[in-house]
Amino acid sequence: MKNKFIYFASLILLAACHQDNKQTSSTQQDTAEVQKSLVKPAQIAETPWSAKLDTATQKFKMSPSALVQTQDLDPENVCKALNTKYPEIIAQYVKQSNDTLFVKIADATYLTQSAGNMGADIYMAEATYSFTQIPGVNFVNFNFEEGDHAAPGTFKRGDFDFK
């Protein structure tokens with residue numbers, strides 16, 4: 001009887017010491033994802049896209065920045081770059097839902113009243129192109145008070161044509 005008890009106790013002890021590789025693998029993967037999400041991308045020095053005047057046609061065209069790396073793009077970085085370039089228009093990242101990024105401009109007076117039609121169009125195009133450069137983002141929803149030169153809404157790259 002004593003031998004059976006020792007035998008069963010040994011089996012229980014061995015079973016308790018056995019490690020489930022699937023669970024460990026899953027835990028390691030979860031840990032790697034958390035560590036990856038904690039690593040912030042490098043701050044970008046300029047907006048990913050800019051409107052440039054084509055001197056031959058005298059029309060604006062969108063040009064990507066050679067200094068911005070896709071892996072460094074996230075909504076906060078793009079907001080900071082836009083806010084540095086346009087200190088009169090402070091964009092705030094709100095959230096992302098599926099392929100749409102939500103951005104708020106609390107005080108859009110400069111954008112809607114002072115920048116003029118072309119200035120507002122250039123800002124909205126640069127912001128939309130820059131935010132949609134982030135992998136997985138196809139649309140940008142801007143929330144601000146409508147004015148003479150700009151209106152809020154959801155935009156995609158195709159909405160901007162400087163012909």
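Please treat every number below as a calculation from the coordinates, not as lab data. Treat the numbers as computed from the prediction; the structure is a model and nothing was measured. All Cβ positions, even for glycine, are placed from backbone atoms using ideal geometry, and neighbour counts span all protein chains on display.
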- List the number of the failed condition for F155; all other conditions in (1) within 21 Å of A45 (Cα to Cα); (2) surrounded by 14 or more Cβ atoms within 10 Å (Cβ to Cβ); (3) in contact with a Phe, Trp or Tyr (Cβ under 8 Å, 6 or more places away or on another chain) hold. (1)
- Query: If you check A108 against the conditions, is it within 30 Å of Q58 (Cα to Cα) and in contact with a Gly (Cβ under 8 Å, 6 or more places away or on another chain)?
  - Reply: yes
- Query: How many of the residues in region 83-109 are under 18 Å from A151 (Cα atoms) and assigned to a helix (DSSP H, G or I)?
  - Reply: 1
- Message: Go through region 62-83 and report how many residues are under 19 Å from D107 (Cβ atoms) and without any contact (Cβ under 8 Å) to a residue 12 or more places away in the chain.
- Response: 1
- What number goes with the only condition from (1) surrounded by fewer than 14 Cβ atoms within 10 Å (Cβ to Cβ); (2) not in a helix (DSSP H, G or I) that Q133 does not pass? (1)
